[in-house]
Structures are given as C-alpha cells and as structure tokens.
Amino acid sequence: MVDSETTDRIETIGAEFFADPHAHYRRWREHGTVRRVRFPDGVIRWIILGYAEGRAALADPRLRKDIAHIDALVSVKRSTPPTDPRQLALVTHMLNIDPPDHTRLRKLVGKAFTAQRVAGLRPRIEEITSGLLDAVDGRDEVDLLREFAVPLPITVICELLGVPLAERDEFQQWTRDLVGVVGLEAERTRASLAMAGYLTRLVRTKQAAPRDDLLSGLIVAGRDGDALTEAELVAMSFLLLVAGYETTVNLIANGTLALLRNPDRLSALRTDPTAIADAVEEFLRYDGPVNLSTVRYTAEPITVADTEIPAGELVYIAVAAANHDPARYPDPASLDPTRAPAPHLAFGHGIHFCLGAPLARLEAQIAFAALLQRFPELCLSPAATVEWQSSTLIRGLLELPVRLRTPIRST
C-alpha cells in the first residue's frame, strides 16, 4: 500500500484546471496514479490517472454505473435532495446502467446502428463537408468551430436520428448546459427538463409514424420481441444525440488546433493525406474530446495501483491523463501522427466502449481531408485566444478563430 501522506493528499479542480488539465495531471501523477480530488461542488471523488489502471477500471464490474445509486451517493455527500426524477430519467440510458439491462439495450441499439449504416453515410458526410467549406470559402478569417466543427456532426446526427435540423440551436445550448461544470444546477435543471420534453414529443411522433431513420429503427427493432419503453427511447435518444455530435465537434476542433500549433505536422499531413486515418487516432490520444470518463461507484472496496478505494466512493477515469501516461507513450506531450500504433482510451473500454466510434472516425477523417486540401494556407488567427469549456467531462474549445488564407496586402 502507498503511504498515508500520499493517500490523504486531496487535489482540487478549479478554474485553471479547465485551461490546462494536463499540467494538473502531470503534477498529480507525481504522487501516484490514483488521486482524491475535490470537485467544484465540494464533493471529493477519486480519479485514476494511469493508462493500465484506467483501462482495467473501465472494464471492472465492481465499478458500477447505476445512475440512480450514483445520484443518491452524490446527494448524501453534498447534503442536498436527490435529483428530480424527470431529470434522472433523461440520463438513465445504457451508458449509465449495468448488466443485464445494459446488455439488453446495447443489443437493441446494435440492431439499428450497424456498421453498414455508418459506412453508407460517407457520400452524405462528404456532401455536407463540402457544402460547409463552400460557405466559408472566399473569406479570410472564420470561427472554424462555429462554421465547420459544430454544424458538420450536428447535421449528420440529426439526419441519422431523424431530428429536425431547424431545432439544433436549442438542443446544442441544452447540451452545453448539461455537460458544463459541476455546480450550475439551475442551468442543468432547466436544460434537462427542456430536453426531456422535446425528446418525448419527438419519440411519440416517430412511434406514430416511423420513418427511415435511426430513432424510428430503434422503435421498429423491438417490435418483433423485446422493445424499448418510451422512457428508454427518450433516454437513448438523448445519449445518441449528445454523444453523436458533442464529442465529434471537439475531435475536429481540438485536432485542428493541435495541427495549427504544430505546423511541421500539418505540412507533412497535407503532403501525405493517406496518413489522415492514423493522424485522427493521434488527435484522439493527444487532446481528445473526453477529459474525465462518466462517473462510476465502488460496489465493494477495490485496490488500484496499491491504493484501496473503499466501497461507496465515486470514481472517474481520467481518459486525457491515461492517454498521456509516459509509461505507455514515449514523449506523450508531443503530437506525433507517425508514432507506432498504441491503442488509446478516447472511446473508453469494456462493455461501455463508444458505440459511435466508427461514425466519429469517419466524420473526422472526411473533415480533415477536405479542410487541409481546400485551405493550404490555414493558420490560427493572429488575434486568437484559446479558451476551453468549463467541463470535467468534455475537453472542448469555446471558439477557434482561423485564417483561411493570407490577405493580399495593398502597396
């Protein structure tokens, strides 16, 4: 076991953490790969920093995901009432439940969300990508996050699920409130209730008149046997909608920022676009869209890296830290799309491995290939200031001002 001074040490998450979590992780790792951390809401949680430890934890059945039990633990630790059941229902989806319910839901979703369906989306994703780049071509500077990284995956997931694109601005803001920093309860309550109401109406529309989309497919998939309840359909719609675009937005934006800060890598990738698939994997490792995993709790005492975590504790795997573990990756703080293949944890591991990983990879590969080919002079705007979302879950920019081409100077 580690010494008491190490186990008693409590780290903190403050405003500076969101600007550069990797600096915090490097410092925390000096005292071990398992740390107790005080979050902005005052609750102390455990964070696992190492790659090997994190990968094992992601697949450990003793670390449970039952969201109702987690909510009860949080309410006790914060001395606050449990979450409104209407809010809790929205997040009672397959990412936040354990087997056997998880197994049943994952199987049903798998019937509708197939590899064949994802592969068939390539022409449409290429068309959307081209249209978005056409819209900014001719301008010198744009916010690439707002003009490209956001609308591409939102358009794709809306069309895939059969969600009216005209309403994307509303659920985008709801999502930002829901994945934002812990503690903004009024905003989270408002957003979750609004999202739940919207998705309930959408599900009922699809039940009455199914169409050729993924959400209708989830309804039809269960008609020959096991079926999702309306509540399960609403929660699943929320998961697929949010996970289907929020992470991809930040994969594209974070990866672009990484390239613009490493012009030699950008030049090499533009010269050899066949390397884009490998580069996307490095973007996922280097500064991927997920910071901390979703929360788990210890159903019994567990030992991680010689540190015992008691039963009834809240536990996160620091995906970003694990993907920078020097025991796993040589020179982890350097962007190197040519590094030898080494699996990362950006999409998780185990039974909760991201179902949408093939779609995210496909969108990112198409996006980077088109962006680099279209704008050979792409660079950061000279006036750009890099600011990040205040979220423990999402690693995402607030904006990405870029220069698409060098302005012609008058003489």
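Numbers at a glance
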{"quantity": "The stretch 93-113, residues that are free of Cβ contacts under 8 Å to residues at least 60 places away in the same chain and under 19 Å from VAL295 (Cβ atoms)", "calculated": "ILE97, ASP98, ASP101"}
{"quantity": "The stretch 42-52: number of residues that are touching a helix residue (DSSP H, G or I) at 6+ places or on another chain (Cβ under 8 Å) and surrounded by 20 or more Cβ atoms within 10 Å (Cβ to Cβ)", "calculated": "5"}
{"quantity": "Single match in LEU233, LEU215 (criterion: in contact with a Gly (Cβ under 7 Å, 6 or more places away or on another chain), assigned to a helix (DSSP H, G or I) and more than 28 Å from PRO343 (Cα to Cα))", "calculated": "LEU215"}
{"quantity": "Extreme residue, nearest to the chain's Cα centre (by Cα), among residues of the stretch 354-391 that are small (Gly, Ala, Ser) and closer than 14 Å to THR274 by Cα", "calculated": "ALA364"}
{"quantity": "So ALA89, is it under 24 Å from THR189 (Cα atoms) and without any contact (Cβ under 8 Å) to a residue 40 or more places away in the chain", "calculated": "no"}
{"quantity": "Any pair with Cβ under 6 angstrom, 6 or more apart, that starts in the stretch 353-365 at a residue that is in contact (Cβ under 8 Å) with a residue 24 or more places away in the chain and crowded, with 18+ Cβ neighbours inside 10 Å and ends at one that is of a type in the set (Ser, Thr, Tyr) and part of a helix (DSSP H, G or I)", "calculated": "ALA360/THR248; GLU363/THR248"}
{"quantity": "2 or more residues within 28 Å of LYS65 (Cα to Cα): qualifying helices (runs of 4 or more DSSP H) within the stretch 86-194", "calculated": "101-112, 115-119, 151-161, 168-179"}
{"quantity": "Options LEU184, LEU239: the member that is at pLDDT below 85, out of contact with any Lys or Arg (no Cβ under 8 Å at 6 or more places or on another chain) and surrounded by fewer than 22 Cβ atoms within 10 Å (Cβ to Cβ)", "calculated": "LEU184"}
{"quantity": "Residue in the stretch 91-103 that is farther than 30 Å from ASP306 by Cα, surrounded by fewer than 19 Cβ atoms within 10 Å (Cβ to Cβ) and more than 22 Å from the chain's Cα centre (by Cα) present", "calculated": "yes"}
{"quantity": "Residues located in the stretch 328-348, provided they are surrounded by 15 or more Cβ atoms within 10 Å (Cβ to Cβ) and on the phi < 0 side of the Ramachandran plot", "calculated": "ARG328, TYR329, PRO332, LEU335, ASP336, PRO337, ARG339, HIS344, LEU345, ALA346, PHE347"}
{"quantity": "Cross-chain or 6+ apart pairs with Cβ under 8 Å, the stretch 147-169 first and farther than 13 Å from LEU359 by Cα, then basic (Lys, Arg) and not in a helix (DSSP H, G or I)", "calculated": "GLY162/ARG211"}
{"quantity": "Single residue of the stretch 1-38 satisfying the filter (among the polar types (S, T, N, Q) and at pLDDT 90 or above) that is nearest to GLU308 (Cα to Cα)", "calculated": "THR33"}
{"quantity": "Strands (runs of 3 or more DSSP E) contained in the stretch 296-411 and holding at least 3 residues farther than 30 Å from PRO61 by Cα", "calculated": "401-403"}
{"quantity": "ALA311 vs. criteria under 14 Å from the mean Cα position of the chain (by Cα) and within 29 Å of PRO100 (Cβ to Cβ)", "calculated": "no"}
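The values are calculated or read from the model by the stated rules, or taken from the named source; none is laboratory data. Everything numeric here is computed off the predicted structure, so don't read it as measured data. Glycine also receives a Cβ, built like all others from the backbone with ideal geometry; neighbour counts cover every protein chain displayed.
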